[in-house]
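The values are calculated or read from the model by the stated rules, or taken from the named source; none is laboratory data. Just so you know, these numbers come straight off a predicted model, no measurement behind them. Don't worry about glycine lacking a Cβ; one is built from the backbone with ideal geometry, like all the others, and counts go over all protein chains shown.
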């Protein structure tokens, strides 16, 4: 395996990031660039120019995923890297964007050093990763990997009723199935962590072992509304007191099973200061690295909620909204990333992704892994999202040297 | 004291109640008759006719309170009774209405028996007791008793910006200060309990000892919003988990101090399933018969909330919205009601009102007490509000016989 130590040009990469942040800028240094919007189109046209300037051959697949290809010495299966250029409505400058523009910078750096790789390299910008305009997230990678049905993806609508397929045509980015990435040798996605772990552990690089399994429940607790002034506590069936005990218990289960459990959404009726709450509806978000433990956490939460409902004399309805198993990335790629970062003398650690990423779907069509860089204060999906320059550089260098090694490999990854 | 046992005519009283329920009828047997609305005007005109048919001399004071006077043998201070004819937007047929129409029925019954009382009797319909159109509640009784400033009352606006005074003029019920009830010998208000106590204790009559003290707090809990999938539980500052522990603790304090504590209103931000809650704002309604214990409950709740905020690493702001002391009714009147009900062989018990009533303000200008009758399932402010006929009859008979005794008394109540 080649052990050449390559370096990206941080200034050039930062210019790309700044130029991207000028498209859909919002106050506070953030970016609002919803998928297939006019800002997305503008970004795509510029990114296409950048890819062509880097000597890449650009193609677009039937989900609007943009692919730039750098040929290798041999027509072997390609080393693929990338992420997404769309953002949340109040997004930051790095989420997704860093992975795409670092991929471009990898190509530029190889060009600078006149390196011809054995395998072709393909960089990708996936469509609608955020799911902020068209739900669910990751429609581009889900479609191209055939994890999601093509008509399902095409029929997704935004809140104004516009179909994904029509908007793809509208901005001129509906390509053809033949252009999809395929027979991939490997896929590597560099991404910001969006959590506080790397920062709090003092590490610059996370070698991402996989993506947590995730489940959502919707819980409806029904008690009885009565006058707050006239109903003694022992005559009450207070849906909010019952719910509060449930929320405390859900957090305790999270601590016990090491799951991430969150009640993020809660509404209640009648929601009047002097009325005892009759109905509370709340969400439970449950995530775990281990599918067994995720299932166990859901079972414990469901049991607890039913038990508390009986104790509190309220009725309860628990509806599972969705349940996705954990993703395990290719161990060889994870090790390669870790070793590469160590050789570059960067502080590296194993980490699990709490959020979903395009790599989740691409993992189903070829060996896949991710590289995380720290998020300041763990913030993302917010204009205050920040990754320090030194970490951007370390992340991009880890990506560059990992991709370089992969691009020189004769044999497929087992 | 006179011990004649008098009886109301239940059929006539029910006809009045049915006729009232036809003005502002809503589905499910309810009534929507907001203060100073066209429905209120229609009700007032009919009530005026009924009072005149009963031989009463009708007058209207400067707050729109309607008073019907039956002269006594002597021009002594009057025995006053009444309540209100306005309702909540989704109100029932009895709340307030029962007290006014039973007062009318008391007069009719005295007329039937050709009884001439020593003292004059005055029946009253107070304006805007509910506070549903013009906040706060009890503007009519508060104004006439001078507990509330006249200009303050006049300047209250409904949600469409219409002033109380103008709406009073608009419906033709702005009378003059000279018409207020004054130098009252006693005031008795018959009302539905609006709670479950009489029903659950199997009693028909509550001799109301007073009205609970009441305080409202508004609490803001601020944590930190983060991604639910990427932030480990021990890195979180979850405003809702902190709030849930507070709500559980507030209920425990209520049970301990025998206060009625209610968190009835709660909103949160960002309120998204996969975001850790950043901010929760909730109300705390605290009521207690004893002012000392009310103050003690507020202190305990405030201490607990501050302690939990530190433990949960969230910030907290506790704002007192209002705080009203408990009302203690005239013990002589309370005993008279109790004895009268017992002599009528009705099941009677002492009770404290959890809700506010016109009697609260009238208590400040003369000896006052209330009679409660049971609410089926404790329901009120709802179209399902119901009091059984037998209890209506017992309540009205207790009112009639109490008023009759009072109206025959030579000397003022000490």
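In region A:275-307, which residues are free of Cβ contacts under 8 Å to residues at least 60 places away in the same chain and crowded, with 23+ Cβ neighbours inside 10 Å? Within region A:275-307, A:276, A:277, A:297 qualify. Restricting attention to region B:70-104, the residues being under 20 Å from residue B:400 (Cα atoms) and buried (at least 23 other Cβ atoms within 10 Å of the Cβ) number 20. The number of residues in region A:252-269 that are facing another protein chain (nearest Cβ under 8 Å) and assigned to a strand (DSSP E or B) comes to 6.
Within region B:231-245, restricting attention to residues that are facing chain A (nearest Cβ under 8 Å) and closer than 24 Å to residue B:318 by Cα, the residue that is surrounded by the fewest Cβ atoms within 10 Å (Cβ to Cβ) is B:245.
All of (1) at pLDDT below 95; (2) more than 18 Å from residue A:105 (Cβ to Cβ); (3) surrounded by fewer than 16 Cβ atoms within 10 Å (Cβ to Cβ) hold for residue A:42 with one exception: (1).
Check region B:405-414 and report whether any residue there is within 14 Å of another protein chain (Cβ to nearest Cβ), outside any helix (DSSP H, G or I) and touching a residue at least 12 places away in the same chain (Cβ under 8 Å). No, region B:405-414 contains no residue that is within 14 Å of another protein chain (Cβ to nearest Cβ), outside any helix (DSSP H, G or I) and touching a residue at least 12 places away in the same chain (Cβ under 8 Å). Summed over region A:154-198, residues that are closer than 30 Å to residue B:231 by Cβ, surrounded by 17 or more Cβ atoms within 10 Å (Cβ to Cβ) and away from chain B (no Cβ under 14 Å) total 7. Every test in (1) closer than 18 Å to residue A:217 by Cβ; (2) more than 8 Å from every other protein chain (Cβ to nearest Cβ); (3) surrounded by fewer than 24 Cβ atoms within 10 Å (Cβ to Cβ); (4) without any contact (Cβ under 8 Å) to a residue 40 or more places away in the chain is passed by residue A:249 save one, and that test is (4). If you take the residues in region A:364-378 that are buried (at least 21 other Cβ atoms within 10 Å of the Cβ) and within 14 Å of chain B (Cβ to nearest Cβ), which one is modelled with the lowest pLDDT? Step by step, filter region A:364-378, then rank; the result is A:378. Out of all the residues in region A:199-213, which are within 11 Å of chain B (Cβ to nearest Cβ) and more than 17 Å from residue A:391 (Cβ to Cβ)? A:211, A:212, A:213, listed by residue number.
When residue B:134 is tested against (1) crowded, with 22+ Cβ neighbours inside 10 Å; (2) in a loop (DSSP other than H, G, I, E, B); (3) out of contact with any helix residue (DSSP H, G or I) (no Cβ under 8 Å at 6 or more places or on another chain), only condition (3) is not met.
Only one entry in A:99, A:72, A:82, A:68 is in a helix (DSSP H, G or I) and within 24 Å of residue A:369 (Cβ to Cβ), namely A:99. Listed conditions (1) under 20 Å from residue B:195 (Cα atoms); (2) crowded, with 24+ Cβ neighbours inside 10 Å are all met by residue B:393, apart from (2).
Do we have any residue at all in region A:300-319 that's on the phi > 0 side of the Ramachandran plot and facing another protein chain (nearest Cβ under 10 Å)? No - not one qualifying residue is present in region A:300-319. All of (1) modelled with pLDDT under 95; (2) under 19 Å from residue A:130 (Cα atoms) hold for residue A:358 with one exception: (1).
Whether any residue in region A:223-238 is farther than 30 Å from residue B:233 by Cα, without any contact (Cβ under 8 Å) to a residue 40 or more places away in the chain and out of contact with any helix residue (DSSP H, G or I) (no Cβ under 9 Å at 6 or more places or on another chain) is what I want to check. No, every residue in region A:223-238 fails to be farther than 30 Å from residue B:233 by Cα, without any contact (Cβ under 8 Å) to a residue 40 or more places away in the chain and out of contact with any helix residue (DSSP H, G or I) (no Cβ under 9 Å at 6 or more places or on another chain). Of everything listed in (1) touching a helix residue (DSSP H, G or I) at 6+ places or on another chain (Cβ under 7 Å); (2) part of a loop (DSSP other than H, G, I, E, B), the single unmet condition for residue A:160 is (1). Please verify whether residue B:110 is more than 21 Å from the chain's Cα centre (by Cα) and touching a residue at least 60 places away in the same chain (Cβ under 8 Å), treating the condition exactly as stated. Yes, satisfied.
Take the residues in region B:214-230 that are more than 9 Å from chain A (Cβ to nearest Cβ) and assigned to a strand (DSSP E or B), then tell me which one is nearest to residue B:278 (Cα to Cα). Within region B:214-230, the match that is nearest to residue B:278 (Cα to Cα) is B:222.
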